[in-house]
Structures are given as C-alpha cells and as structure tokens.
1. If you wrap region D:73-160's Cα atoms in a convex hull and average its projection over all directions, what's the area in nm²?
2. Given the alpha-carbon gyration tensor of region D:149-270, what are the semi-axes of its equivalent ellipsoid in whole angstrom, ordered largest first, with each equal to the square root of 5 times an eigenvalue?
3. If I take every Cα pair under 8 Å that is 6 or more residues apart in region C:7-120, average their sequence separation and divide by the length, what percent do I get for the relative contact order?
4. Taking only Cα atoms, what is the 0 to 90° angle, nearest 10, from helix C:229-263's long axis to the longest principal axis of chain C?
5. With the cut-off at 19 Å, report for region D:51-199 the share of all Cα pairs above it, as a whole percent.
6. What share of the DSSP beta bridges in the protein assembly as shown is antiparallel, in percent to the nearest 5?
7. Would you please report the Å³ per residue occupied by the convex hull of the alpha carbon atoms in region A:173-332?
8. When each copy gets a label point 7 Å from Cα toward the beta-carbon at residue A:155, what are the spacings between them in nm, shortest first?
C-alpha cells in the first residue's frame, strides 16, 4: 500500500513538473487572477486555459469525485498526495468554482443519478460557472426566514423574489438556490432548486463594497420558470441540503485561517525598521504584533488539530463554528496590524507602490469575514448551544 | 464672597495644622487601619481617637450636614475647601462610616425629624457603627427579589430571613435593612427599616474571602422585633430609598477610580529595572502598561468631568453606572498589571517583604469591584436601557 | 475650569452642528469622491467656513481672528468628523495658525488674512517615514544669501498638492535624530523647486509626497527661533493631535449613533437586534469608551487654552486624547460595520466611509501605539 | 503525527483522571493549606504517583522508567491542574529528569531510582530576579579541587526548602548576561552551605529563596558540557514550560467547567444565568480560546517528543504553548470569578483557588509577555 502511494507520488510529481506551466506556479494575486471557467470564461493568459484543460482531462480539477462524473476517482490518500505535490511545486488551482466547492458535494449527497450526470462533469471541466442564491435582504443571519416564493405550477415552479450576496452572479451561468414552497413552515417549507441564469426573468446588479470591489450581486427573479426536475432532494426539504452546504462552507472558510501568509512582523520591519537592539522601532506596535503572532501560531496548531480530528471523525459537529469564529476574528486583527505596520503608505487607495491600494482594500475586505458564512455572533450562539449546552433564553 | 472663602481657607488650614496629629497625616494602609467608631470602637493609636474627637466637635466628620444633626453646616464651596486643605496636608478621614456614606444621605432625604435627631448626631460622632442589609443569598444582581420577611404585628414587625455581604456586620451596632412586607408585589413590597444588632434573634457569621480577609458577614434574623417607628419612608416603598442609596453608592465607588495611586510603571521599574535605552526591561509588559496608563489618564479626565457635570446637575442619571463599570474594570486591569510587574515576589502571601502579601491580596480583593454595588453586567444593562434606549428582549 | 462646555461653547456647537450637516454632509464627500475631485475638498465650502468665522477661530483678535481656543476649534472639528466633511481646517486653522503664532510679523501679515478669508489653504509637511516620527527630520535647510534653501522630501502631506502655504520642518543643524537643530519654515506652495506627487487615500482625501529641490525662502519664512524649532513644532503638534482627536471623536460618535439607530430598526429572528443582550453589552461598552475619550479630548483642549503655564501638561494631555480616541474610535467603526452585517460592507451604506476616515485620522499625527509609547517615555519608563 | 491523543495516551488520561480526582482533589489542597503543611505537598501522594508510574514517565526504560514522552507527562499535569493537586511532579519528573538526561551516569544512578520510587523530590533553581530571566545567571561556580564551589542566591524555587535534589544554573564563565558560560549542576538538597528561606505563595504552594554559601559539589554534579549549559537549560525549559502550560490548561479547564456548571444552575431575574446571551457569548469565546490553547500545548508536546531534529521548533512551540495558555487561562479564571458573582469571592467556593493557582503557574517559567517577546526576538523583530 505505502509502496503504491509512493509510486503514485513519484508519478504525480513527474506529471505535474511536465504539465504545469511555469506561469501557473506563481501565486494568485487577486480573486480575478484565478480561473473561474464558465460559458463566458476569460483567461488571464494562454497557460491558464492550458492548465485547466490538462487537469480536467485527468479529472484532477475534482480529484476525489468518481470518474463517471468527471472526477479523478482518487482515494483520500492519493488526493492528499496530489495536494501536497501541487503545493510543493506551487501549482495554482486549475479551477476556482462554487460548483466544485459547494454544489458538487451537495449533488453527490442529495442529487439523483441524472442530476449528477447532467451537472457534475460540466463543473469538473469548468464549462458551467455556478453561483449561490441563499441570502436575502431581510433574512441576514436568520437565513431560514427567506421569502423568495416558488409557486407550484404542476411540472414547474414560478419563482419570484430577490437574493443578495450572490457571489459573481453577474458572471455565473447557473444558480443553486433556496426558495420558499411552503410559507406556513419556516424550516420545512424550503426547496433547493437549480436553474439557468439565462432563464427569462433573471436579472443581476453588482454590489459595490467598501473595498471598492464588486464580487457580489443582488439578484432578482421575476416569474422565472424552474422545472421540477431541477429540485435537489425533496420538495420542502431543501433546508437539509442547505445546512449540509453551510457546514461545508464553514469548514472551508475555517480552513483558510491556517494558510500561511507573510508574518505581520516582516511587513512592519520593512516599513518601520529596527532600533539599536534590533527590535521593531515601534515598541507598542511590536508588542501588539508579538501577542498577535503568538495567538496566530497557536491557531495554526488548532487548524492542524481540527483537520486531523475532522478526518478522524472525532471533531464535534459544531467545531467548525469555533474555527470560523476564531479564524476570521484573527484575520481581521491581522489586517488591523498590517495597516498600522504599513503606516501612511498603507492608506493609499490607488498608488502603484501599494499595487492599487492592496493593503487598505484587503483590510476592508476582511471585515466581511466575520459576517459572511454566518456572523461571529451566530457562531457564538452555536457554540453556546450545541457545544456548551447552555440553556435557551 | 471669594474673599470670605479665601478667609475660610486660611482659617481651615491653620486649624488643621494645629489640630491634626502628625500620625493622622500618614496614608491609611488597610481598611482596618481606618477609624470606624462604634460602641466597641478600637483605635490604632491615641492620635486616632483625638483626631476623631476634635473633628466631631466641629461637625467636620460630616461637614455638609446641618449643624442641628451634628454636621458642620458648611456650604458646598466650604466643604470643597475643607477637602482640598485636608488633602493638601495629607489628613486622614477622621471617621470611616457607612452611616456617613450611605444611611445619612438616605435619612436626610427620607427620614422623619425624629429619626434624624436620633441617629444623625451619633453617626457624626462615631458613636454608632452601621451596616447595610441589602443582599441575600438567592438575590444577587436581582436585588429586589429579596425574601427576608417582615410580618406586621401591629406596632412592630417580626423579621425572619438571611442577609449576605453585610460589611462588618460582626462589628456593627445597628443595621439599615431591606425587608419584604408584601410578597405579592416585587418592587412595591419592600420596606426600609433600622434596628439594633443587639436585638434578640440577630446573629452574624464572617465570610472568608479569597483575599484571606473577612470584611463581610452572613447575617441571620430569627424573629427579630423591629418597632414600626424604625421604618424609613413609607411601608412598602423601601425600594425608593434603596435605589437612592444604590445610586449614591455607585457614585462613591465610581469616584474611587479617579483617586491617585502609584503608577504601575513605577512599581514595574522598581521590580524589573530599565534596559539600555532607559525603557522598562520587559518590552511587552511595558506596552501593556503604557496602553493601560493611557486609558487610566483618560479616565482621570472622565472622573473630573463626571464630578463637574454631576455638580452642575447635567450628568445623565444613569452615568454613575458607566463610571462604576469603567472604573472598576480599570482597577482590576491595574492590579493584573501590578501582579505581572511584581513578578515572583508579588505572589508571596505572608512575607514581610510584601507586608503580608499586600499585592496579591489587593489584587484578589479588586475582583469584587465589578461584583459589589451592582455587577458590571448590571451596569451594562442599565447603560443599554437607560442611556442608549435599546429595546427590551 | 469645569470639564464641560461653557454656554458660549455650547452655542457654537448648536450653530456648527446644523451648519455642517447641511453644508457638508456625507453626501458632499460622496460627490467629491465620485466626481474624482482633484483637490479632495471644496474651496466653496472653505469660503463658507470663513463666513461662519471658523477659519480664524484660533487667530488672535489683533490679527483679525476670533481669538477663541482649542475647545472651539474642536467643536468645529467634531462636527466635521460626524459628517465626514473634507476640509483643510485642521491643517490650516489649527496647524498653520498655530505655527504662525511664532512667525515674524511679516509672515503673519502675509498669510493670516487669506486664511481668515477662506482663500488660503495650508498643509503640514512634517513626516518623512511611514509612521509618525516628527523628531526625525532629514530635509535640509541650508543658508543661502539672506534666506535658506530647502532640499529633501516629505510624506503624508494631506492636500499638500494644492496648498498655498506649506509649514515644513527642516534640519538646520545636527543629525536626523537630534531634537536640536530643527527649524520650522512657512513655504509658499507655488515656490520654485517644490513639486507634489498626489495620492488618493482610502477615505478619498488626497495626500502628497512633496519634493523640495533647492526651494529658496527668505528669512521671514523662519518660524520661531533658528535650530529651536522643536518648541514651535511641539506646540503645533499638541494642537493638531488634539484637533485630530476631536475630529476622530466626531467620526466615532457619528458611527456609533448610526449603529445604535440600526440596532433599533433591524430585525432578525423576529426581534429587533438591539434587544439582543450580547449586542447591548457591546454597545454599552462602546458608549463608555467614547465618553472617556470625550473627556480626554476636552481636557487636552482646555489645557492648551490655558496657555504656556500649562504647556507641559497640555502636551501630555494631547497624547492621551489622541491615543484614547484612537482606541475608542477604532472600536466604534469596527462594531459599526459588524453590527450592520452585510449592509455595512456595502459602499451604499455610510458606515464603511466612517471606518475609512477613522483609519486615516488614527494614523495622522501618531496612533495609540505611538502615543502610549510617547507617554511612557515622558514618564521615564 | 495527528494532533490528538493516541489510543494509548487516551487510556492514560482515562486512568489519570479518576486517580487524581480521588487521590488529590481540591479538598486535598485545602487540607494541606488549612493544616499549614510545612512542605506544601504530600510525600504520601508522591509515593502514590510512583505506584501509578507517573514519577518515571519521562525516564528512559534503560534507567528503569516508562520511557514515555511529554504528551504523557502533560496528561498527568493537566489532571493535576484540574484538581489543583500540589505535587513536585513538574520540577522533579519533567524538570530534573530532563536535566539528568545530560548528566553523568554516576549522577543518573544516584538520583533517578529515588525519583522513580517516589522518594526523591527535586527543585529547579533557575531564577535570580523578580521576572523569568533564565539567561541572567550571576550565581558563581568556581573550581575547587576536583569539583566546584557555588556562591550566590536563587529565587522562586518551588518547594526548594524540602528538595532532595536541586538543579542549579550557575555561571562558570563570562558576565551575568552572557548566554555562554552557564553550567547546570545537580546539587544535593542537604549540601553544606545551602540554606532556604521558604515563603508561602498565594496558591498555598511554598517557594524558597536559596542561599548558596560556598556549596561544594564534585565533578559528577556537572550536567552537560561545562560553560555550555544553555543547551541543557534550554531543553529543560522547553519541557517545563510545556509542562506548566499543560498544568495551567488543566486549571483553566477545571475553572471553565465549574463556571459552566454554575451558569446552568444559578438563577437571576427568574432565569438561569446561562441563558443570558451576553454570558453565552463570553462563555463561547472562552471555550474557543481554551481549544486553541489546547492545540498549542499538544503541538509543543509532540514536537518535544520528536527528539533533537525538531528541537528548534519544539523550543518555539513551548513558548507558544506557555504564552497562549497564559492568555486563555487568565481569561478562564477571571470569567470564572466574575460569573460566580459574590460567591466567587468567597474562600468557601473553589473558583478563587483556581485563580490563585493560575496566577502562580502563569509566572512560572515566563508569562505571555515574556514568551511573546521571546518569539519576537527569535523571529528577528
């Protein structure tokens, strides 16, 4: 077994070295610099398209999906080895996709064989770009209070309403979406449906964020026809699918906390310099950074532990809430320190020196970390109730 | 007017210089080192008794109370001048007394002429030591849920129940006490009564605190007879008196935050020393102290502002809650830093070098600051409701 | 002096508040930003400031101003902060006016009337590194005939690219880290050899990097005593630190008020979110921090206004004010954005603009880290 | 290695937990304290530790021990912390055993059997100032015949007044601040010239100031290489810092559990106080901090157990663990006392004892301030 895996590792490395173009071994700088695929896919360079194609060919955009649905059919160990070897070479993800990260796992668990065959291979090849229709303007943290109506018309639903925070809805081809099919039952009146964003009655409007970017949209549905064959799971049981997906999303976001990034202290030393004793020449900031980095390193261990326990199936089911809460708050704290460390220059919004205001825009962007995917307050409620078993008010 | 005040200042200084014994110009070290008076008064030295007597003679133990009740009859300005001159000479308070700080103001506002004549002069002269019977074991922050019963027996009440946190009840002569006279009405069923601690059926048990001291008692009432003449205010309206007193207590505690004390940095420099650049040789601790002292100095300004606004009658009536909350939390933070600054030596519990464990015991004592007189949580509730007008849950 | 506003000061506040809310509300900032205004502020508004008497609030009556103090200047600044009103008021009417108090009669006669009239805009060129280090001055001023020649660069000069007058700290003796040997100069913005590279900041204000390539000024440009500029500079910094604190306090108060309003109108899980105790306690804590910050600001302003006798105390109090407001205000905007939830992340809501402005004001003239450290150094630890 | 306990380690935990809860619960500490016990711990309990195999957990099998690692030692320490069990385990079975790994065969033969048998108690004499500064060593060891003569003083030597063996850091070359020139010695507690001044600490443990007045030891007392003691000392510190972190984690977990229990039984305003959202959020936050601290401790333990290859990483991880637990545990005991209200202030309730023990453990081998600074220095900033 181990010999087999070592052989797989060697082959994989060789193949990656031969097939991953050097341009695709550079870090991704912005969300737009990643490859998102779709009907209207744009590629930042020819190598990006090439990399997507060779990886999709092997099913390695989704290494652990079954081969019949366009996946690589790799075992968990093989998939891990592929990830490790890609990381070792610095290979970019060939495809960034909500289809892979979110819809795929839900379809694999709740979809019919027909639905899997129709959607999964196109996701794997990056042919269809998906977006997620969950949040609504008046729902917020209380997601299940969603109001977008789906009227039963026999073989189809007629969908009316509005979604918000749909990531890249203006660039997506299809949407997976929660709609209300029974107004009388909050949780058991929700259905999980899929439909084409080119359907009549769908329109989108990008939302300008405080960071100056517009990764999200408002999305409007005006008498949109959705065939009943596009229901995933049972009618009125969409909340089960949604919860499964949310758990998945939380883990993903939680996992991001552990990724390595330039230590704040390095940024600070570059901008501020050292004193005669070799210490950062800003004593109070230095102390705040030191206490932060202590916590960040401890959280690095926590991320490792969470991953290990999650794999072993021994993590508390609500543990992702803790990871999400702590990781996002830490990331916000990190960017506050980075702004202090950068001083006046970090305040620049458009300058070349800051690559178009990257420090300030990233800092503002992180403020959403503790809001999207369930606010910090919601995570604390979950920890209090589900882990600590504290009583309801 | 100003001339008159200046003359008063000069006389006062002269009198204090002539009459305040040098031993009474040393700072008070512990609560026991202060003069508490009472039937069983003990004096740490003859000067302490002498100082009480000469001050009581002039009514200056309670400078702004009316002369007919044993006070000094001073105007607000004169009383301020007296305080300033005492502070300038370092004169101790001649008398520490809950009778002065708490009961007196309540009697002056709610008492009958007879009650004032009976009690106030003895308070002023330190003849009777008072304690306060408010808290009960099952009430805590929800003070008004008190259960100590007072049964109407015509000319007297029969009191049964238990109080807790009665300061120095084992040393007090009389108690002012909240009792329940109507179990059907939470707030309008409470009566404020006074009685002698030597009454039959009263017993006390000191509570050992984590600091190793026992300033508080549990106090038990077993069929204690309390004449109706000892009711302050109306029967069943004792909550009004209590609220008035609590506000008074909160102000007093709030005011304590502003008192000057050795800066943490001085203690730290003495224990740890300076580095080559003259900075405290513990860089992260130094930063934490610096951020603390910044806040403490800002709070010093706040104390000044609160006092000024309070005098001018423009402070929000719930502002003492903010002062109490912030001041006590700050004081706890201060003692955490003092413990760090003192290092291993500050951990000593009985040593001579620490004057019997003063740093550690004081540190532990401050933990009660945010509990007694209304917890921090209660203060935050009050601020949220009464100042910010946030809605009830 | 009682630590609250006098009746006259309260009257000024009652005038300044509606004026600013009408003349320069957040919509005014948005219009400048969306129109990509090259100055970053409105000269028309500056004229209106003059009509209100704000521009000369700190100019002595003998020089044609109102002869009022830092408390009054702070009232204007707080309302600017509350409305995010872009204005050269802090640099000009507090900073430059403060510096010119030590300048020659000639320089005062040259600059003050324009400032009072709302025609002259000034900038402060005091920084050379990424962080606030006013005592590190490398820009050199060398003797040249009857005057001086200035060579070097300054950074983070807010609206320095359009300033008519630039107050510059320059080295006339000693090394870059010496407190001695610094001299302040009043340099015309249109001087030969002075060039500006302007950059928009996160809050849509514009700051410049100024290059001094042998800029020549005559002797009347010297402010205060040659080589002893730290005295004037210290006084100027006391004023602008306190002023920036007042403005940032306005930003924080505006953000907190907006957030409180949101807590009282937004429903989640069938309840007003302001009824959730966890949010109530956080709001109450924030309120407390802001009250403490307000007291610290007023204390510094009053001490500054008490004149030279209180200079040392005022100097410390300015650091307490700037540092304390820095701590309280960052909490106000962070809680503001978080409590607004997703809405708080959108450019359409104003709360994000408060976060940006707070960040810039926190950095300006030293943040809480700087001032905590400064107080520690002044206290000998 | 996966960052959770192996089955064997979990089994040890399942054994240690009931043992400690029965043999050395908080009542055991109270009995020692109220009886004013002169040692501050029970020799009987130490014998029981030996019977359980705990005393030799880190002693190699070749020397008669269990040959297990810091994860296993940490399991014992965590349960000690949870029960506030006073024991010389950390100093003896982690500290001294760690030091003796570098000692002569003679010294190992002399001390290890007694330790394993629960007959020998060791103390660590590493501090000379108020705060943890292990690299500052002034206590001098000078050559004397075949051995050394030790002169100077050490502070904060936990149960140093009754120790059979004292591990001492001494200066054999260089100045007081030099990293070079330090040598570790294994000194018998009953040596001539060694005197102890014992002081009870806030948590009822007893620490001594040790005076070395020309204490003579022979060459076999030298641990590791002469003048190169920082290597051994560093390894010992890595072990005891991680061990103190594990014990403090137990203290914090015990305090948090007790507080959670109180939140679920205490009523105020007609509701369980644990139903108040503000307290729920604080409890959930505390839970998160403790989980993170737990991960940091286990990481450090595993790295220590991976041997010399991982020494540098383990050394940093120990600082992360000690610092992080310091931050989390102080929160646990503060929230514990506050949420217990007035009850938390009474000696009759245990929560205050947790606060005292936490404070002492936080100071021992460096607090969060020290370790944050140390990590910064190691990272070159």
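Each value in this text was obtained by applying a stated rule to the coordinates, not by laboratory testing. A quick note: this is a predicted structure, and the numbers were derived from the prediction, not measured. So basically every Cβ, Gly included, is an ideal-geometry build from the backbone, and we count neighbours across all protein chains shown.
1. Details: hull surface 28.8 nm².
Taking a quarter of the hull surface, the average projection is 7.2 nm².
2. Working: eigenvalues 312, 65, 25 Å².
Over the Cα atoms of region D:149-270, the semi-axes work out to 39, 18, 11 Å.
3. Values: 131 pairs, mean separation 37.9, N = 114.
This gives 33 percent for region C:7-120.
4. Taking the Cα atoms of chain C, the angle to C:229-263 is about 20 degrees.
5. Details: 6013 of 11026 pairs.
Above the 19 Å cut-off, region D:51-199 has 55 percent of its Cα pairs.
6. On the way: 132 of 156 bridges.
In the protein assembly as shown, DSSP labels about 85 percent of beta bridges as antiparallel.
7. Numbers: hull volume 28.3 nm³, N = 160.
Value for region A:173-332: 177 Å³ per residue.
8. 9.9
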